[in-house]
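This report refers to the structure that appears directly beneath it.
Each reported figure results from applying straightforward, stated rules to the coordinates on display, with no laboratory input. Source: prediction; values computed, not measured. Here the Cβ is made from the backbone with ideal geometry for all residues, glycine too, and neighbour counts use every protein chain on show.
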Amino acid sequence: MTTSSTLLIFDVDGTLIWTKAGRRAFNRALERFFGVADAAEGIPMAGRTDLIIYRDICGRFGLDPGTFGAFKLEFVAQLAEAMNADPGHVLPGVVELLEACAREPGYVLGLGTGNVEEGARLKLAPHDLNRFFPVGGFGDEGETRDDVIAMAIRRAEAQAGFAFDRVVVIGDTPLDIACGKANRCFTVGVATGYHAQEELQGCDADLVVADFSDVGSVLVGLRAIGSRNRTS
Ligand SMILES: [Mg+2]
């Protein structure tokens, strides 16, 4: 019997780590770049890509969204500073779960996040989590979060040299579940962000957990996903 292959695609904020540095850096960068204070106030960020958030803000202030590349440089510089000042924390069970998944036969780990890659790497570095994620899809690659997941899958498959038997998208928001489904992936919701377990269950995720602290049962749940036929 051959081992089946599984790609696990993890979101960053609210799933692996908790930090306010992203919003802080975004606001500071906007202020430096455009001379506008609190420009991102009230703009939803969770589960969305940096590029789309930036376009929303540009729309609000009548700014040219074509400036994203230059803005990104300022944002990354601000994020490095904000992470230095307050890196936030790793969410419960994350390190143990990632270590267990890395040991699991046939499992490959990747990122699927609304952060630009430089941003995601800066957020994960102080917590020593980049070592688990050789590839990913990021928030300035494509128009939508669906594109980000598609990119993560393409990169991981190019690196592996084969198509995975299962792809599982893991995140803390209904948007993570939706973009997993849009890419015909299995989905796992974790209620360590702004969304409660019941809300994620309502999105029809294949598995929903309060957090990753019970690594053993999360692993059992991950192994079981896809072993039954999907009927929906
Ligand atoms: Mg998130």
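Some observations on this one:
- Straight-distance candidates among the lysines for linking to LYS123, with alpha-carbon spacing under 21 Å and chain neighbours fewer than 8 residues away dropped: LYS20, LYS72.
- Kirkwood hydrodynamic radius of the chain, from the reciprocal of the average inverse Cα-Cα distance over all distinct pairs: 18.0 Å.
- Radius ratio Rg over Rh of the range 125-232, counting only Cα atoms, Kirkwood formula for Rh: 0.96
- Across the range 21-85, Cα-Cα distances exceeding 15 Å account for 45% of all pairs.
- Here the spin labels are modelled as points 7 Å beyond Cα on the Cα-Cβ line, and at GLU96 and ASP38 they lie 4.2 nm apart.
- Spin-label proximity, SER4 to the range 142-177 - amide N less than 13 Å from point 7 Å beyond Cα toward beta carbon: 164-168
- ALA160/TRP18 FRET efficiency (R0 35 Å; Cβ-Cβ; nearest 0.05): 0.70
- Neighbour-count order for THR144, THR19, THR3, fewest beta carbons within 10 angstrom listed first: THR3, THR144, THR19
- Taking every full run of DSSP H in the chain, the ones that stretch at least 18 Å from end to end by Cα along their long axis and average 0.5 or higher on the Kyte-Doolittle scale are 68-85.
- Given R0 = 25 Å, the distance between the Cβ atoms of ASP64 and ASP86 translates into a calculated FRET efficiency of 0.20.
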